[in-house]
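Only one structure is covered here, and it is reproduced in the block below.
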Amino acid sequence: MTSTNTAQGSPQYAPLLGTLTVIPWTGEASDGQRNPPFLLAYSLGDGRDGAEAGEEAMRAVIDEVGLRTGAGLVDVGESPNIPITLLVQAGRAVLTMPYLKAQCAVPPEWEQDARETGGVYFIIATRPWPEGTPGRPVSEEALRAFVGDEAVLTGAAHCLVPVSSLRG
């Protein structure tokens, strides 16, 4: 199980997006190699004008950041015009991008994988997930069902975000 964390959206889109949430998790290591850990951002769909308006607002955020839904994986480290940064330090991940700032606790294996691989696989879902309520544990099955849904995956933006730290 993992826990969700509330994120802060910009005043421009916040009323439409409603509650923004991030959730970290790690995948299985393959062939003895560590995989980048994952970070998912999504809305609960509780915005002012409902879930549909929230989906459209999230698409607008994704477009303005320079990403595209359904376009495959973008390496932010090789795309300097995409303003997304990730600081990983002392069991916390701090994600910063226009319209979204999030800080969440991450388990030691997540932090270790992030440092060893140098990046985090970040998914920005346009489809709301009202069941992923901040502060409540989410089972692996529930997370797998949401993230594994083809409509969620194809409607999301996917990027690899390099990890930075305060270490010298």
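The values are calculated or read from the model by the stated rules, or taken from the named source; none is laboratory data. Keep in mind it's a predicted model, so treat the numbers as computed, not measured. Here Cβ is always computed from backbone atoms with ideal geometry, including for glycine, and neighbour counts include all displayed protein chains. Note: areas computed on protein heavy atoms with side chains; ligands, DNA, RNA excluded. Shrake-Rupley method; radii C 1.70, N 1.55, O 1.52, S 1.80 Å.
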Q. So, in region 11-35, of the ones that are of a type in the set (Ser, Thr, Tyr) and surrounded by 14 or more Cβ atoms within 10 Å (Cβ to Cβ), which residue ends up modelled with the lowest pLDDT?
A. Tyr13
Q | region 87-103, residues that are in contact with a helix residue (DSSP H, G or I) (Cβ under 8 Å, 6 or more places away or on another chain) and surrounded by 14 or more Cβ atoms within 10 Å (Cβ to Cβ) | A | Val88, Ala93, Met97, Pro98, Tyr99, Leu100
Q) How about region 52-71: which of its residues are touching a residue at least 24 places away in the same chain (Cβ under 8 Å), of a type outside the set (A, V, I, L, M) and within 18 Å of Val152 (Cβ to Cβ)? A) Gly54, Glu55, Glu56, Arg59, Arg68, Thr69, Gly70
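Any residue in region 33-47 that is of a type in the set (Lys, Arg), touching a Ser or Thr at 6+ places or on another chain (Cβ under 7 Å) and closer than 24 Å to Gly132 by Cα? Before the answer, list the steps.
Of all residues in region 33-47, those of a type in the set (Lys, Arg) come to 34.
Keeping just the survivors that are touching a Ser or Thr at 6+ places or on another chain (Cβ under 7 Å) gives 34.
Okay, now just the ones that are also closer than 24 Å to Gly132 by Cα, so none.
Checked region 33-47: no residue is of a type in the set (Lys, Arg), touching a Ser or Thr at 6+ places or on another chain (Cβ under 7 Å) and closer than 24 Å to Gly132 by Cα.
Scan region 72-100 for residues that are among the aliphatic types (A, V, I, L, M) and free of Cβ contacts under 8 Å to residues at least 40 places away in the same chain and jot them down. First the steps, then the outcome.
Within region 72-100, the first condition is being among the aliphatic types (A, V, I, L, M), and the residues that meet it are 73-74, 76, 82, 84, 86-88, 90, 93-95, 97, 100.
Ala90, Val94, Met97, listed by residue number.
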Q. Is there any pair linking a residue in region 37-51 that is among the basic types (Lys, Arg) to one that is open to solvent by 20 Å² or more (accessible area, probe 1.4 Å) and part of a loop (DSSP other than H, G, I, E, B), with Cβ under 8 Å and at least six apart or on different chains, and which?
A. Arg48/Gly18
Q.
Tell me whether region 138-155 contains one or more residues that are surrounded by 15 or more Cβ atoms within 10 Å (Cβ to Cβ), modelled with pLDDT under 95, touching a Lys or Arg at 6+ places or on another chain (Cβ under 7 Å) and not acidic (Asp, Glu).
A. no
Q) Of all residues in region 14-63, which are closer than 19 Å to Tyr121 by Cβ and of a type in the set (A, V, I, L, M)? A) Leu20, Val22, Ile23, Ala29, Leu39, Leu40, Ala41, Met58, Val61, Ile62
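For Val74, are the conditions met, namely being of a type outside the set (S, T, N, Q), buried (at least 16 other Cβ atoms within 10 Å of the Cβ) and modelled with pLDDT of 95 or more?
Working: of a type outside the set (S, T, N, Q): yes; buried (at least 16 other Cβ atoms within 10 Å of the Cβ): yes; modelled with pLDDT of 95 or more: yes.
Judged against the criteria, Val74 is a match.
Determine if region 59-67 includes at least one residue that is among the small types (Gly, Ala, Ser) and part of a helix (DSSP H, G or I).
Yes, there is a match, as at least one residue in region 59-67 is among the small types (Gly, Ala, Ser) and part of a helix (DSSP H, G or I).
Within region 36-56, take every residue that is of a type in the set (A, V, I, L, M, F, W, C) and within 24 Å of Ser164 (Cβ to Cβ) and give me the one that is surrounded by the fewest Cβ atoms within 10 Å (Cβ to Cβ). Explain how you work it out, then say what you get.
Residues of region 36-56 of a type in the set (A, V, I, L, M, F, W, C): 38-41, 44, 51, 53.
When the remaining residues are screened for being within 24 Å of Ser164 (Cβ to Cβ), the result is 38-41.
Values: Phe38: 18, Leu39: 24, Leu40: 23, Ala41: 24.
For region 36-56, the residue satisfying everything is Phe38.
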